[in-house]
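Report on one structure; see the data block that follows.
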Amino acid sequence: MITITPSAASKLQELVEQSGAVDVYLRLFVTQGGCEGFSYGMALDTERREDDFVFELHGIRLVVD
(Lines give C-alpha, C1' and ligand atoms only; values in the text may rest on other atoms or scores of the structure.)
Protein backbone atom coordinates (compact mmCIF):
# COMPACT_ATOMS: atom_id res chain seq x y z
CA MET A 1 0.00 0.00 0.00
CA ILE A 2 1.22 3.48 -0.86
CA THR A 3 0.07 6.46 1.18
CA ILE A 4 0.78 10.10 0.48
CA THR A 5 -0.48 12.58 3.03
CA PRO A 6 -1.88 15.91 1.86
CA SER A 7 1.15 17.74 3.31
CA ALA A 8 3.56 15.38 1.51
CA ALA A 9 1.60 15.90 -1.72
CA SER A 10 1.91 19.65 -1.28
CA LYS A 11 5.69 19.42 -0.87
CA LEU A 12 5.96 17.07 -3.84
CA GLN A 13 3.93 19.52 -5.93
CA GLU A 14 6.45 22.25 -5.03
CA LEU A 15 9.30 20.00 -6.19
CA VAL A 16 7.48 19.23 -9.43
CA GLU A 17 6.96 22.93 -10.10
CA GLN A 18 10.63 23.65 -9.35
CA SER A 19 11.70 20.99 -11.83
CA GLY A 20 10.19 23.03 -14.65
CA ALA A 21 9.05 19.90 -16.50
CA VAL A 22 5.51 19.67 -17.85
CA ASP A 23 4.69 15.97 -17.36
CA VAL A 24 6.34 14.75 -14.16
CA TYR A 25 5.75 11.52 -12.26
CA LEU A 26 7.00 10.38 -8.89
CA ARG A 27 8.67 7.07 -9.70
CA LEU A 28 8.90 4.45 -6.95
CA PHE A 29 11.46 1.73 -7.62
CA VAL A 30 13.48 -1.12 -6.18
CA THR A 31 17.25 -1.40 -6.74
CA GLN A 32 19.87 -3.90 -5.70
CA GLY A 33 21.63 -3.09 -2.45
CA GLY A 34 21.00 -2.93 1.28
CA CYS A 35 21.19 -5.70 3.87
CA GLU A 36 18.53 -7.87 2.27
CA GLY A 37 19.71 -7.36 -1.30
CA PHE A 38 17.20 -4.65 -2.28
CA SER A 39 16.63 -0.97 -1.54
CA TYR A 40 13.64 1.22 -2.27
CA GLY A 41 13.92 4.61 -3.92
CA MET A 42 11.93 7.40 -5.47
CA ALA A 43 12.68 10.13 -7.96
CA LEU A 44 10.92 12.58 -10.21
CA ASP A 45 10.67 11.17 -13.73
CA THR A 46 9.36 12.58 -16.99
CA GLU A 47 9.05 9.21 -18.71
CA ARG A 48 6.30 6.66 -18.37
CA ARG A 49 7.06 3.15 -19.57
CA GLU A 50 4.52 0.90 -21.21
CA ASP A 51 4.51 -1.59 -18.30
CA ASP A 52 4.26 1.03 -15.51
CA PHE A 53 1.35 1.14 -13.14
CA VAL A 54 0.10 4.72 -12.71
CA PHE A 55 -1.70 6.03 -9.63
CA GLU A 56 -2.84 9.51 -8.72
CA LEU A 57 -2.99 10.59 -5.08
CA HIS A 58 -3.74 14.19 -4.05
CA GLY A 59 -2.78 15.40 -7.54
CA ILE A 60 0.56 13.56 -7.57
CA ARG A 61 1.03 10.99 -10.33
CA LEU A 62 2.95 7.94 -9.15
CA VAL A 63 4.50 5.36 -11.44
CA VAL A 64 5.65 1.93 -10.32
CA ASP A 65 7.20 -0.64 -12.63
On a 1.4 Å probe surface of the protein chains, which of Ile2, Ile60 comes out largest in accessible area, and what is the full order? Ile2, Ile60
Hey, if we sort Arg48, Arg27 by accessible area with the 1.4 Å probe, largest down, what's the order? Arg48, Arg27
Given 0.36 nm per residue, what is the gain on full extension from Lys11 to Phe38 after removing their alpha carbon distance, in nm? 7.0 nm
Largest first, what is the accessible-area ranking of Phe29, Phe38, Phe55 with a 1.4 Å probe? Phe38, Phe55, Phe29
A 1.4 Å probe over the protein heavy atoms gives the chain a carbon and sulfur accessible-area percentage of 54
Residues of region 1-31 with amide N under 16 Å of the 7 Å Cα→Cβ point at Asp51: 28-31
Could you give the accessible area per residue of the chain, probe 1.4 Å, as a whole number in Å²? 77
Give the shape of the chain as rounded, prolate or oblate, defined through the alpha-carbon gyration tensor: a ≥ b ≥ c are the square roots of its eigenvalues, a/c under 1.5 means rounded, and otherwise the shape is prolate if a/b is larger than b/c and oblate if not. prolate
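The values are calculated or read from the model by the stated rules, or taken from the named source; none is laboratory data. Just so we're clear, the structure is a prediction, and the values are computed from it rather than from any experiment. FYI the Cβ positions are ideal-geometry reconstructions off the backbone, even for glycines, and counts take in every protein chain you see. These area figures cover heavy atoms from the full protein model, side chains too; ligands, DNA and RNA do not enter into them. Shrake-Rupley method; radii C 1.70, N 1.55, O 1.52, S 1.80 Å.
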